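K.L.:
Just dropping this structure here.
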Amino acid sequence: MKDLSGAAAVITGASRGIGAATAEVFAQRGAAVVLVARDEQSIEALAEKIRLAGGKAHAVRCDVTRYADVGAAIARCQETFGRFDVLVNNAGVIEPISRLADSDPDAWGHASDINFKGVYHGLRAAIPLMERAGSGVIVNVSSGAATSPLEGWSHYCSAKAAALMLTRAAHLE
């Protein structure tokens, strides 16, 4: 990965796993990072770890199913670091795993909102700012589940497939 000195990135789902690892690598490469997740305690701890290692990090509690939360997180990046260059749309959930006939409609819908609408909310909030700035990068984290169905994972597979098509549409635009 290239040097990211001077860049500012927003990373959703940064409380653990791929999101947390991405935040650490970006910070090690010189980027200022805004860590976004529902688990405020985890992102605060990670932000402190990054700062203690000499990086720049800020934690913002955010529910990606709410457009206003995502927009506010990106605005916080601009306010805190004076710029916004990269969005990593990483937030996602796998649970609840269940066959369609046994699935809970509310839980199924909520997981889909995170895995699909969360990507849309990130794109919608970031693209106008990046267009005005004349630059920017958006990375939408996906899964092989976008193209290969798994029994019991209907919400995850279908939402990841929708996010894949949304990514392709955004690329064309």
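K.L.:
Within the stretch 83-92, does at least one residue satisfy the condition of being surrounded by fewer than 20 Cβ atoms within 10 Å (Cβ to Cβ) and either over 28 Å from His171 (Cβ atoms) or in contact with a strand residue (DSSP E or B) (Cβ under 6 Å, 6 or more places away or on another chain) (or both)?
P.N.:
The answer is yes, given that some residue of the stretch 83-92 is surrounded by fewer than 20 Cβ atoms within 10 Å (Cβ to Cβ) and either over 28 Å from His171 (Cβ atoms) or in contact with a strand residue (DSSP E or B) (Cβ under 6 Å, 6 or more places away or on another chain) (or both).
K.L.:
Scan the stretch 7-19 for residues that are outside any helix (DSSP H, G or I) and touching a residue at least 40 places away in the same chain (Cβ under 8 Å) and jot them down.
P.N.:
Ala7, Ala8, Ala9, Val10, Ile11, Thr12, Gly13, Ala14, listed by residue number.
K.L.:
Hey, another quick one. Considering every residue within the stretch 46-58, establish whether at least one is among the β-branched types (Val, Ile, Thr) and under 30 Å from Glu151 (Cα atoms).
P.N.:
Checking the stretch 46-58: not a single residue is among the β-branched types (Val, Ile, Thr) and under 30 Å from Glu151 (Cα atoms).
K.L.:
Among residues belonging to the stretch 66-94 that are more than 30 Å from Asp3 (Cα to Cα) and touching a helix residue (DSSP H, G or I) at 6+ places or on another chain (Cβ under 7 Å), point out the one that is modelled with the lowest pLDDT.
P.N.:
If we take residues in the stretch 66-94 being more than 30 Å from Asp3 (Cα to Cα) and touching a helix residue (DSSP H, G or I) at 6+ places or on another chain (Cβ under 7 Å), then Ile94 is modelled with the lowest pLDDT.
K.L.:
Moving on. Pairs, please: C-beta under 9 Å, at least 6 apart or cross-chain, first residue without any contact (Cβ under 8 Å) to a residue 60 or more places away in the chain and hydroxyl-bearing (Ser, Thr, Tyr) and in the stretch 20-47, second open to solvent by 20 Å² or more (accessible area, probe 1.4 Å) and not in a helix (DSSP H, G or I)?
P.N.:
Close Cβ pairs (under 9 Å, with a partner that is open to solvent by 20 Å² or more (accessible area, probe 1.4 Å) and not in a helix (DSSP H, G or I)) amount to Ser42/Ser15; Ser42/Arg16.
K.L.:
Please indicate, with yes or no, whether at least one residue in the stretch 124-144 is farther than 26 Å from Ala8 by Cβ, open to solvent by 60 Å² or more (accessible area, probe 1.4 Å) and not hydroxyl-bearing (Ser, Thr, Tyr).
P.N.:
The answer is no; no qualifying residue exists.
K.L.:
Ok, one more. Pick out the one residue from Ala47, Ala68 that is over 17 Å from Gly136 (Cα atoms), small (Gly, Ala, Ser) and surrounded by fewer than 22 Cβ atoms within 10 Å (Cβ to Cβ).
P.N.:
Ala68
K.L.:
Going through the stretch 50-65 one residue at a time, which ones are among the charged types (D, E, K, R) and either buried (at least 16 other Cβ atoms within 10 Å of the Cβ) or touching a helix residue (DSSP H, G or I) at 6+ places or on another chain (Cβ under 8 Å) (or both)?
P.N.:
Lys56, Arg61, Asp63
K.L.:
Taking the stated definitions as given, is Phe116 under 20 Å from Ala9 (Cβ atoms), open to solvent by 40 Å² or more (accessible area, probe 1.4 Å) and of a type in the set (Phe, Trp, Tyr)?
P.N.:
No.
K.L.:
Residues that are of a type in the set (A, V, I, L, M, F, W, C) and over 16 Å from Leu35 (Cα atoms): which helices (runs of 4 or more DSSP H) entirely in the stretch 59-173 hold 3 or more of them?
P.N.:
Helices (runs of 4 or more DSSP H) meeting the threshold: 105-112, 118-133, 154-172.
The values are calculated or read from the model by the stated rules, or taken from the named source; none is laboratory data. Predicted model, so just to flag it, every value in this text is computed and none were measured. All Cβ positions, glycine included, derive from the backbone under ideal geometry; neighbour counts span all protein chains shown. Surface areas here come from the heavy atoms of the whole protein model, side chains and all, with no ligands, DNA or RNA. Shrake-Rupley method; radii C 1.70, N 1.55, O 1.52, S 1.80 Å.
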